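Q: One structure, as C-alpha cells, below. Some questions next.
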Amino acid sequence: MMQDNLRDLGRFIEPDRVHHSVYTDAAIFEREMATIFHKVWTYVGHETQVPKPGDYHTLQIGRQPMVMVRHSDNKVYVLYNRCAHRGAMVCGALRGNTGNTFTCSYHSWQYRTDGTLESIPLPKGYEGTRLSPGSPEFNLKRAARVDRYRGFVFASLAAEGPSLLEYLGDAKIAFDDMCNRAPEGEVEVVPNCFRVIQHSNWKIFLENQLDALHPSVTHESTGRAALEVEHDIEKRNGKAPLDYHYLSAFTTPFHKWDTVQTVNYPNGHCILQGYMGLRPQDPDTLYPGLSVQSPLQQLRAVRPLSVDRTLTEIWHFRLKGAPEAIYRRALGYYNLVNSPSTMVNADDLENFWRCHQGLASEGGDWVSFHRHAGQDDEKDGVIMSRWGTSEAPMRNQFRAWTHYVAGGR
Ligand code: FES
Ligand SMILES: [Fe+2]
C-alpha cells in the first residue's frame, strides 16, 4: 500500500462490505496503531495485579511497551518501558516486584517506580552537557492519561480526548455487572492469565466475539460430543456434572441465537443481550480491545502484535466475599471453554487463521457483512439488531474504525 493510498481509507469501508486489505495491509495496520490504539483508552490491568509497592506488570499498548507499577505513594503508574539513556526496556519480565527502583540492565540507570530518575552510576562525566538529571526528559515517560473504573485500570497515550467514563459510556455496565455480583462489590484478579497468540489480524477476534452466526457451526462437533456423554451419564446417574453442559450448550441451533439482540454504540462498543440467559444484559465488547463476560467473571484483552498476529490475554476474577464454590464453577467454564487447551478455543483459532490466509489471497476483494444490513433499528446513533445473527456488530465496528482512522477522537 503506497502512503498516498492511506489518505482516504474510508473508501475501503462500505455499509455492508469492507475491502480485504484492511485486515492484511501492514501500512493500514500501522495507521490503526497510531489513530486508534495510541489514542483510545486501553485496558491495562486490574489494580489487584499490583497489590504492593514495587509490583509491576508489563504490557503492550499499540506499538508501545508499557509497565503498570505500584509506587510507594500507593498509586498505580503506567510508564513507557524505555530507558532514557539508550532506550533499552528497563523491565524485561512479564511481572514481578522490582523493589523501590527499576534498574536498567544495560548501564544501570535507576528509576523510582513513579518513573523519576533516581541515579546514574558514574555521575561524573556529564558536566557541561545537556543532561540534567532533574529534567523530566530523563525520567521514564508516563502514559498521558491513566484512570480506573471499579478497579479496572485504563491508560490513554493521548493527552486529549474523551474521559474514561465518556469513552466507556453505557458499556461501563460490563464492570458494574461483574462487581455488583460480588458480596463486597469488588473483584480481585486471579494472578495470571492465559495468553494466546492467534495468527490473524486483531479485528477478526473482535468480530468473532459478537458473531452469533458461528457457534452452531464452528463449535457443533464439540457441543455434540459433550451432549452425547452428558445424556449417557444422565441415563446412568440421573444427573451429569454442570461442566458437560458448558460444552453441550454449543449445540444451540441458529434460531435460538436469533433471539439474542445486539446493541451497538457509536464508538464501536457492543452489548449482546440475553446471552447465556444469565442476565438480561450481558455486555460484551469494548472497541477496540476488550471483551468482557461479566457473568463468567472474565475478560479478554486484545493486543495486536502485527498485521497478522494478535495476542489475547484471558483474565479471570474472583468475586470478593463470594463462596469458593462460585469461583470453582466459573473457573470450570474458564478452563473448559476459554482456555487455550479447549476444543472450543481451538475451533475458533483454526477459523481465525483460515480467515487471515484467505483474506491475504487474491481470491476476492471484499468481505461480506450483508446479513440483515439495512434491517437494524437505529435511534440516536445506537443500532439495535432485530436478530442475534445480524452482522450489525461488525458493521458498527467499522463505523467506529472509519471515524478513528480519519482522525476522529
Ligand atoms: S540503556 Fe539503560 S542504562 Fe543505558
Ligand atoms: Fe467461537
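Here, each number is a calculation from the coordinates, and none is a lab measurement. Model, not experiment: these values are computed from the prediction. Please note: Cβ atoms are built from the backbone with ideal geometry, for glycine as well, and neighbour counts cover all protein chains shown.
Q: Listed highest first by mean packing, meaning other Cβ atoms within 10 Å per residue, what order do 319-330, 169-180 come in? Walk me through the numbers before you get to the answer.
A: On the way: 319-330: 14.2, 169-180: 18.7.
Descending packing order for the listed peptides: 169-180, 319-330.
Q: For A158 and V382 in the same chain, what is the full-extension length gain: residue separation times 0.36 nm, less their Cα-Cα distance, in nm?
A: Details: separation 224, 0.36 × 224 = 80.64 nm, distance 2.59 nm.
That works out to 78.1 nm of additional length.
Q: Also, quick follow-up: Apply the a/c threshold of 1.5 to the C-alpha gyration tensor of region 56-119 and tell me whether it is rounded, prolate or oblate.
A: Values: a/c = 1.57, a/b = 1.03, b/c = 1.52.
Judged from the Cα gyration tensor, region 56-119 comes out oblate (a/c at least 1.5, b/c at or above a/b).
Q: May I pose another question? What residue among L122, V196, P53 has its Cα farthest toward the positive end of the dipole of the chain, where the charges are +1 on Lys, Arg and -1 on Asp, Glu, each on the Cβ?
A: Most positive-ward Cα: L122.
Q: Separate question: Computed FRET efficiency, Cβ-Cβ of S306 and R150, R0 41 Å: what is it to the nearest 0.05? The partial results should precede the final answer.
A: Numbers: r = 32 Å, r/R0 = 0.79.
Efficiency computed from Cβ-Cβ geometry: 0.80.
Q: Send over the per residue convex hull volume for the chain, Cα only, as a whole number of Å³.
A: Numbers: hull volume 64.8 nm³, N = 409.
Taking only Cα atoms, the chain has a hull volume of 158 Å³ per residue.
Q: Another question, if that's okay. Highest GNM mean-square fluctuation, the chain, Cα pairs closer than 10 Å: which of H199, H372, H231?
A: Taking springs between Cα atoms under 10 Å, the residue moving most is H231.
Q: May I pose another question? With +1 assigned to the C-beta of every Lys and Arg and -1 to the C-beta of every Asp and Glu, and no other charges, what is the dipole magnitude of the chain about the Cα centre in debye, to the nearest 20?
A: Numbers: 44 positive and 47 negative charges, 243 e Å.
The dipole magnitude comes to about 1160 debye.
Q: What whole-number value in cubic angstrom gives the convex hull volume per residue for the C-alpha atoms of region 214-266? Before the final figure, lay out the partial values.
A: Details: hull volume 5.1 nm³, N = 53.
Dividing the Cα hull volume of region 214-266 by its residues yields 96 Å³.
Q: Can you tell me how much longer the chain between A406 and S221 gets when fully stretched, taken as 0.36 nm per residue apart minus their C-alpha distance, in nm with one decimal? Kindly include the intermediate steps, with their values, before the conclusion.
A: Working: separation 185, 0.36 × 185 = 66.60 nm, distance 4.22 nm.
Once the chain is fully extended between A406 and S221, it gains 62.4 nm.
Q: Now for a different question. Return the lysines within reach of K75: Cα separation strictly under 28 angstrom, same-chain partners fewer than 8 residues apart disregarded; answer none if there are no such residues.
A: Of all the lysines, those that pass the test against K75 - Cα under 28 Å, at least 8 places apart if same chain - are K39, K52, K141, K172, K320.
Q: Compute the label zone of K141 within region 101-116: residues whose backbone N is under 12 Å from the point 7 Å along Cα-to-Cβ.
A: So the set is empty, nothing qualifies.
Q: Could you tell me the center-to-center distance, by alpha carbons, between region 78-147 and region 197-267 in angstrom?
A: 47 Å
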